[in-house]
Amino acid sequence: MTEQRLWTRTFVIGIVVNLFMSTVFYLLMTTMAVYAVDRFSASDAGAGLASSGFIIGAVVGRVLAGKFLDLVGRRRMLVVTMAVFVIAGLAYIPADGLGLLIAVRLVHGFAFGLGNTALVASIQSVIPSARRAEGNGYFGTATTLATAVGPFLGVTLAAQFGFSSLFWVASACGLLAMLAALAYRVPERTITAEDRVLLKSFRPSSFVDAKALPYAAVMGFGGLAYSSVLAYLAGHTATVGVPQAASMFFLLYAAGSLVARLFAGRIQDQYGDNVVVVPVFAVFAAGMATVAMADTVWAFALAGLFTGLGFGCLLPSLQAILISRTTPAQVGVATSTFFLILDLGTGVGPVLLGLFASAAGYTAMYWLSAGFVLVSAAVYALVHGFRAGWGRG
């Protein structure tokens with residue numbers, strides 16, 4: 001029974017690190033474009049780059065983390081990158097030009113990509129294999145809380161204390177993540193001679209796990225759909241005359257995602273993957289369709305609940321499936337590949353969907369996003385769903 005224990009000291013500390021790290025991401029992601037315009041009179045393109053520069057840096061960090069994670073050491077990589085995370089948070093304050101701001105965003109995102117990959121990969125070693133989905137669901141509640149706390153803090157602090165307060169709070173959160181990481185203890189993999197040979201290789205396969213790509217593609221299309229609410233929901237709710245609905249959407253999104261992650265993982269471990277994942281796609285698509293049709297605060301709130309139950313549950317469910325089919329030696333590369341494609345979907349989505357929205361409008365864009373969810377479901381069915389069947393084992 002000892003090996004089935006989930007709630008260990010290391011697991012709890014990992015959740016704490018994830019909470020503070022993710023809070024910084026959402027705190028700055030929702031305010032950086034506005035800051036770039038307010039401080040530097042940035043153009044739309046410049047403001048967009050100031051916002052997405054973090055994701056660009058994170059993508060590069062994830063690619064390198066997957067390859068060098070076990071060479072550097074998972075805990076060591078996490079601690080060092082959290083130190084850089086703190087410094088980058090402080091570096092926003094003296095940045096006095098748009099170019100310098102974007103450079104800081106790239107470095108900040110790079111540290112996040114390295115540290116987050118190290119954390120997510122290492123936490124898998126302390127989650128019992130029989131409770132993989134449940135453990136990832138609980139671990140992901142930290143990210144769920146951050147999606148509510150981060151944007152709320154960002155808007156409130158910027159309005160009441162100015163933008164500089166955001167950077168002090170981001171640095172403080174980064175410091176708390178680093179201090180927690182110092183207390184984080186996980187088993188490290190022993191590097192074999194074969195591993196050292198692979199480390200000297202710079203073939204694409206040494207950075208990206210081909211076997212993880214199909215599962216990552218499912219999340220990539222899901223992230224593409226979800227990016228439409230991250231980037232354009234505030235504009236859409238203002239267009240239909242209920243600007244206050246955006247905050248209600250994200251509040252219900254966090255609630256739905258939290259509920260889903262607390263219970264869905266245990267159900268998935270006991271009864272099988274499709275029992276959870278198939279309904280998740282249905283409610284996720286319903287969430288996007290409801291956004292397209294909504295014109296009242298409560299309709300957007302319902303859409304937020306559906307989206308939280310859907311997208312909020314999809315990530316830990318797919319991650320659990322991937323890790324259960326990955327060897328210990330490939331966990332680092334597989335994890336970085338999974339989140340790399342998710343980041344690409346979330347990062348590229350606003351650009352592609354923004355172009356579509358400018359031509360066809362927000363309503364059509366959200367119907368298109370619902371379509372991307374169906375594409376994600378189709379990829380899942382081909383990659384895993386048909387083979388998994390219904391029921392465990």
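The values are calculated or read from the model by the stated rules, or taken from the named source; none is laboratory data. These numbers were taken from a predicted model, which means no experiment stands behind them. Backbone-built Cβ (ideal geometry, glycine too); neighbour counts: all protein chains shown. With ligands, DNA and RNA removed, areas are computed over all heavy atoms of the protein, side chains included. Shrake-Rupley method; radii C 1.70, N 1.55, O 1.52, S 1.80 Å.
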Protein-only accessible surface order, largest first, of Glu134, Glu188 at 1.4 Å: Glu188, Glu134
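Could you state the accessible area per residue of the chain in Å², with a 1.4 Å probe and every protein chain left in place?
41
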Solvent-accessible area of Tyr92 with every protein chain in place, 1.4 Å probe, in Å² to the nearest 10: 0
Region 223-351, accessible surface, carbon-and-sulfur percent (1.4 angstrom probe): 74
Accessible surface of region 1-127, 1.4 Å probe, proportion on carbon and sulfur as whole %: 69
For the chain, calculated [θ]222 nm from helices alone, where every DSSP H run of n ≥ 4 adds -39500 (n - 2.57): -27500 deg cm²/dmol
Of the DSSP H helices in the chain, those whose Cα atoms cover at least 24 Å axially and whose Kyte score averages 0.0 or more: 9-29, 44-72, 74-91, 98-123, 132-161, 163-182, 213-239, 245-271, 273-293, 297-324, 331-360, 362-380
Contour excess over end-to-end distance, with Cα ends at Leu182 and Ser324 and 0.36 nm allotted per residue: 48.3 nm
Solvent-accessible ranking of Lys67, Lys211, largest area first, probe 1.4 Å: Lys211, Lys67
Extension gain, Val275 back to Thr296 (0.36 nm per residue minus Cα-Cα distance, nm): 4.3 nm
Distance between modelled label sites at Phe68 and Lys211, nm, 7 Å Cα→Cβ extension: 2.6
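If I stretch the segment between Ser41 and Ser164 completely, what's the gain in nm (0.36 nm per residue apart, minus their alpha carbon distance), one decimal? Provide the component values of the computation, followed by the final result.
On the way: separation 123, 0.36 × 123 = 44.28 nm, distance 1.67 nm.
Taking Ser41 through Ser164 to full extension adds about 42.6 nm, to one decimal.
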